[in-house]
């Protein structure tokens, strides 16, 4: 039970950071392109995570032993797989936002809460009736929060469905392969993969202006150090103590915290149906945390 609480708290804190990071990303994207933003934020995450891995275990092992842990083949295999899925998800989301309203984009992206249990079922994972009900309740809540009044369908929606599928794959891969791997090192490898693939895309499709990157130092630091560095490490830690469907439900709170962040920091007003949507998502997450009767 303690491990479940630890995992839930880790994922909850991660979703708070991700929710506010959506605002930082929106502000930063006013000056630089999506692949530039993605490459720089991942580089900052690596510069933050690599020293943390050494500092946090300096009393547990020697520097040589700490360096040797980076050579674990399972670490790199899982990091490459998860990093590839994360790059696809983030890239499809950025391109989809060009054609789709932000609210609807958030709703479609969050549909990984439906796709994760589907993938889990295909892989032989049993899903409880309470979990199925919680997922359905969260979908209704996310629709009220993000999608009421939006009816136009466009090609961006298809890209965002691909984004949701890629996020579902990333969540499922962490659930299947992360095991007892060090969450900081695994996230560092994951960020390295996203950065390496983002750089050529950046050079081929965008004009890189160093002055614009420096002008976005605030959003980049938040998105790099806190969102990519800290929050994704907490995601891996949380998923090591929870099954994937429950974890994805907690992570869907990102949309709620993004809406609350917009209300608090940007002065955006929330309608009554949006508040109801927030309440339904919170209720779904709480239901998914209740112990099952044996």
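Any read-out appearing in this document is the output of simple, stated calculations on the displayed coordinates, not a laboratory observation. What you are looking at is a predicted structure, and each value in this text was computed from that prediction instead of being measured. Don't worry about glycine lacking a Cβ; one is built from the backbone with ideal geometry, like all the others, and counts go over all protein chains shown.
Taken along the Cα-to-beta-carbon direction at a fixed 7 Å, the label points for residue 196 and residue 217 span 3.0 nm. Counted by neighbouring Cβ atoms within 10 Å, the residues 30, 182, 212 run from fewest to most as 30, 212, 182. Counted by neighbouring Cβ atoms within 10 Å, the residues 216, 58 run from fewest to most as 58, 216.
Determine which residues of the stretch 124-144 fall in the zone a paramagnetic label at residue 272 would reach in this model, i.e. backbone nitrogen under 19 Å from the point 7 Å along Cα→Cβ. So the set is 141-144. Label separation (residue 204 vs residue 30): 3.1 nm, computed from points 7 Å beyond Cα along the C-beta direction.
Residue order for 128, 233, fewest other beta carbons within 10 angstrom first, comes to 128, 233. When both the stretch 40-81 and the stretch 182-257 are represented by their alpha-carbon centers, they are found 16 Å apart.
Taken along the Cα-to-beta-carbon direction at a fixed 7 Å, the label points for residue 60 and residue 130 span 3.2 nm.
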